[in-house]
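Here the structure is laid out as structure tokens; the discussion comes afterwards.
The values are calculated or read from the model by the stated rules, or taken from the named source; none is laboratory data. Because the structure is a prediction, the values reported are computed rather than measured. Positions of Cβ are backbone-derived with ideal geometry, glycine not excepted, and every protein chain shown enters the neighbour counts.
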Amino acid sequence: MNVKQYVQDLNLSDDDRHRGKCPVCNRHNTFTASNNLGKLLWNCYANSCKISGGSYIHMSVDEIRKRMKEFKIDKDSNDVNVKLPEVFVMPEYLVPYTAYDGNSNDALIYEFCDGYGLWAADLDLYYDIKEDRIVFSVQDNGAIVDAVGRALDDSVVPKWKRYGTYAEGFIRGQHQLAIVVEDVISACVVETLGATGVAILGTSLNANHIQALRSFKRVIVALDPDAALKTIEYTKLLKANGIPAIALKLLDDIKYRRKEDIQFLENSIREFNGTFNTKGIAE
């Protein structure tokens, strides 16, 4: 069974969802599929199946215009599409990471971060003792409003886990140039380069993301290479809302620090700092 073709044949419009019989295991109402900004996602929730995947399709001009209207918000208004933050309580099984002192869990976290050129002690990390995950705290004005965990064992599914529902994403850094990426590790890498990393923590931009990105002087959308279409669509949505945004085509995921990608980003950051005659730190 070609599941990708099966999902494409459902002809889901943007923001449409489907639930029904799984084409692989034939269980009833265990298979779901969705279309978010041209990205098709599918998954079977049957324990014996666990089929899942994703692919991209082109969006029509009308669908893109519809999304632009949906996210067109007045920065001076309290738009109903903007989700108000909820109170987040850190689960008891998330314990703070401390500088590596020989503890085996701390060692795993230290080594994980070091593999991406990151200094674990600077990242406000936690450890999920129940599911063996490194956990990045999501903060808003110094308060922890959410958390995102990544399995330390690459074979674990799902690899990433959200512990809350904060709608503005993961923002790392205090620079006036924001770079939108797909995951929190890439956002942390962006900060080491001298810009603010923003991981949206979802499959599409929402009104809260757009509100948050208004505070930056420039936004660069730099998603993974397999999300080139989404990179362009995000950039169009931001521009339609008056946010100065440009799209950047990457050769690899930012967190892997491919030489050509890092050089291009560093040049973009230098150009931004020269244009605004600043080191890029928000006042």
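Tell me which residues, restricted to the range 40-51, are in a loop (DSSP other than H, G, I, E, B) and on the phi < 0 side of the Ramachandran plot.
Tyr45, Ala46, Asn47, Ser48, Cys49, Ile51 - these are the residues of the range 40-51 that are in a loop (DSSP other than H, G, I, E, B) and on the phi < 0 side of the Ramachandran plot.
Table: residues versus (1) outside the structural domain of Lys236 (by TED's automatic domain parsing); (2) at pLDDT below 80; (3) surrounded by 14 or more Cβ atoms within 10 Å (Cβ to Cβ).
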{"residue": "Asn29", "(1), (2), (3)": "yes, yes, no"}
{"residue": "Asn36", "(1), (2), (3)": "yes, yes, yes"}
{"residue": "Lys39", "(1), (2), (3)": "yes, yes, yes"}
{"residue": "Asn47", "(1), (2), (3)": "yes, yes, no"}
{"residue": "Lys50", "(1), (2), (3)": "yes, yes, no"}
{"residue": "Arg65", "(1), (2), (3)": "yes, yes, no"}
{"residue": "Val89", "(1), (2), (3)": "yes, no, no"}
{"residue": "Leu94", "(1), (2), (3)": "yes, no, yes"}
{"residue": "Ala107", "(1), (2), (3)": "yes, no, no"}
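Does the range 152-182 hold any residues that are hydrophobic (A, V, I, L, M, F, W, C) and more than 12 Å from the chain's Cα centre (by Cα), and which are they?
Leu152, Val156, Val157, Leu177, Ala178
Can you give me the number of residues within the range 239-262 that are touching an Asp or Glu at 6+ places or on another chain (Cβ under 9 Å), surrounded by fewer than 17 Cβ atoms within 10 Å (Cβ to Cβ) and in a helix (DSSP H, G or I)? Step through it out loud before you land on a result.
At the first step, the residues of the range 239-262 found to be touching an Asp or Glu at 6+ places or on another chain (Cβ under 9 Å) are 248, 250-255, 258, 260-261.
Keeping just the survivors that are surrounded by fewer than 17 Cβ atoms within 10 Å (Cβ to Cβ) gives 251-252, 258, 260.
If we keep only those that are in a helix (DSSP H, G or I) too, we end up with 260.
Within the range 239-262, residues that are touching an Asp or Glu at 6+ places or on another chain (Cβ under 9 Å), surrounded by fewer than 17 Cβ atoms within 10 Å (Cβ to Cβ) and in a helix (DSSP H, G or I) number 1.
Suppose we filter the range 8-39 for residues that are part of a strand (DSSP E or B), of a type in the set (A, V, I, L, M, F, W, C) and more than 14 Å from Ser55 (Cβ to Cβ); how many remain?
1
Condition first: free of Cβ contacts under 8 Å to residues at least 24 places away in the same chain and closer than 22 Å to Cys44 by Cα. Now tell me which residues in the range 137-171 satisfy that.
Across the range 137-171, the qualifying residues are Ala151, Asp154, Ser155, Pro158, Lys159, Trp160.
Where residues in the range 172-190 are in contact (Cβ under 8 Å) with a residue 24 or more places away in the chain and assigned to a helix (DSSP H, G or I), which of them is nearest to Ile246 (Cα to Cα)?
Val190
Every residue in the range 211-238 that is surrounded by fewer than 20 Cβ atoms within 10 Å (Cβ to Cβ), hydrophobic (A, V, I, L, M, F, W, C) and under 16 Å from Glu168 (Cβ atoms), please.
Matches in the range 211-238: Ala212 only.
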